[in-house]
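A short write-up of the structure that comes next.
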Amino acid sequence: MLIDSDQHVRDSLNLFFEGSQTDFLIFKSGIEGLNSLKYQKIDVVIADYFLPDMDGIEFLTKAAQIHPDATRILMATMTNDEMAMGIAHARIDQFIEKPITVDSLETIIKELEIIKRSKEYPAGKLKE
């Protein structure tokens, strides 16, 4: 799931995931994303910090209450000490600096696949 108010970012990521085997939900506001989370099983939630109705940290904190096992990623064009403290306090899994390139997105997806597999098969518990 992606939450970003920027139409260009939403369109670009939609195009990127269009040919993949990944189901990808895209919303422009935190409220839309939270409403969807009530009815969807989500593995990864990516949110921009600057949303029209709440900041990304607040959104990801609320998302964790609905889906505590989902990987949470925050995106922003810039950071400051207050945002860094908010990210740490909210226990957000990863921070991505915008603009996002195809290479950085592919790297992130690979890292997320590894995280997902490690959650499915914790150390010492192999698939039988």
Restricting to the stretch 40-62, what's the tally of residues that are part of a loop (DSSP other than H, G, I, E, B) and surrounded by 21 or more Cβ atoms within 10 Å (Cβ to Cβ)?
2
Return the residues of the stretch 27-80 that are among the polar types (S, T, N, Q), over 24 Å from GLU111 (Cβ atoms) and in contact with a Lys or Arg (Cβ under 7 Å, 6 or more places away or on another chain); say none if nothing qualifies.
none
Inspect all residues belonging to the stretch 63-71 and state whether any of them is in contact with a helix residue (DSSP H, G or I) (Cβ under 9 Å, 6 or more places away or on another chain), free of Cβ contacts under 8 Å to residues at least 24 places away in the same chain and assigned to a strand (DSSP E or B).
no
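Every residue, every condition in (1) closer than 19 Å to ASP23 by Cβ; (2) in contact with a Gly (Cβ under 9 Å, 6 or more places away or on another chain); (3) not basic (Lys, Arg), yes or no:
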{"site": "HIS67", "(1), (2), (3)": "yes, no, yes"}
{"site": "THR71", "(1), (2), (3)": "yes, no, yes"}
{"site": "THR77", "(1), (2), (3)": "no, no, yes"}
{"site": "ALA84", "(1), (2), (3)": "no, no, yes"}
{"site": "ILE100", "(1), (2), (3)": "no, no, yes"}
{"site": "THR107", "(1), (2), (3)": "no, no, yes"}
{"site": "LEU112", "(1), (2), (3)": "yes, no, yes"}
{"site": "ARG117", "(1), (2), (3)": "yes, no, no"}
Conditions (1) out of contact with any Lys or Arg (no Cβ under 6 Å at 6 or more places or on another chain); (2) surrounded by 14 or more Cβ atoms within 10 Å (Cβ to Cβ); (3) of a type outside the set (Asp, Glu): number failed by THR107:
(2)
Given (1) within 13 Å of the chain's Cα centre (by Cα); (2) under 25 Å from SER118 (Cα atoms), TYR49 misses just (2)
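Every read-out reported here was derived from the displayed coordinates using simple, explicitly stated rules and does not represent laboratory data. Bear in mind that the values here come from a model prediction, so they are computed numbers and not experimental data. Reconstructed Cβ throughout: ideal geometry from the backbone, glycine too, with neighbour counts over all protein chains shown.
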